[in-house]
1. Go ahead and run the numbers for FRET between Ile79 and Gln145, Cβ-Cβ distance against an R0 of 25 Å, rounding to 0.05.
2. From the P(r) of region 110-155, can you give the percent of Cα pairs sitting at distances over 12 Å?
3. In whole Hz, what ³J(HN,Hα) sequence does region 127-138 give by Karplus (6.51, -1.76, 1.60; θ = phi - 60°), x for Gly and Pro?
4. Using the Karplus curve 6.51 cos²θ - 1.76 cosθ + 1.60 with θ = phi - 60°, work out ³J(HN,Hα) for each residue of region 105-111 in order, rounded to whole Hz, and write x for Gly and Pro.
Amino acid sequence: MALAPASSIARTRLFSTSAAAYGKKNFRKFLMHGKRGTRQFKEQVKNDPTSEFRQMFSRGVRPVGELVGKKYEVIPEMIPQLVVPDLEGFELKPYVSYRVPDVIQGEFRPQDLFHAVYSRKIAEDFKAGKLDEEGRPQEPSEEEQLTPEVAKTKALMIGSDRF
């Protein structure tokens with residue numbers, strides 16, 4: 001008596017609940033638009049200057065002008081400018097090793113600023129006897145002559161070390 005081969009196909013009865021279209025789909029009911037919205041949505045956003053979706057279509061690029069009527073006007077102040085220092089004669093390499101130890105530095109307080117700028121000059125003036133009766137220097141340096149308003153404007157100037 002011979003056995004049936006192992007690759008024989010078991011016949012089963014199929015039952016289907018789908019329509020007789022056998023996989024044909026009605027694609028009119030599926031909206032086929034890009035992930036950034038339909039053409040109608042884009043036109044609606046484009047014509048509405050107060051829309052919160054307006055930035056979505058710029059793809060991350062900042063505008064350099066404004067739309068005035070139907071014409072786009074470029075505003076020179078909105079164009080970013082890169083300030084690059086002159087590195088001629090600069091000896092350091094543009095690389096920092098990952099093995100460099102971390103620098104832990106405390107907060108730079110007004111007292112630290114006083115010690116860094118004025119304390120040495122005050123000590124020298126005291127030893128040389130160049131202070132008047134009220135403790136003011138007889139020969140003040142440039143920093144000691146600044147008024148609060150001038151000091152504030154110098155601190156807010158471009159290129160200062162203020163973060």
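1. 0.05
2. On the way: 693 of 1035 pairs.
The proportion of pairs with Cα distances above 12 Å equals 67 percent.
3. 5, 7, x, 9, 10, 7, 5, 8, x, 8, x, 6
4. Values per residue, Gly and Pro as x: 10, x, 5, 8, 9, x, 5 Hz.
All of the numbers you see were taken from the coordinates with simple rules; none came from a lab. If you're wondering where the values come from, they're calculated on a predicted model, not measured in any experiment. A quick note on method: Cβ atoms are made from the backbone with ideal geometry, for glycine too, and the neighbour counts reach across all protein chains shown.
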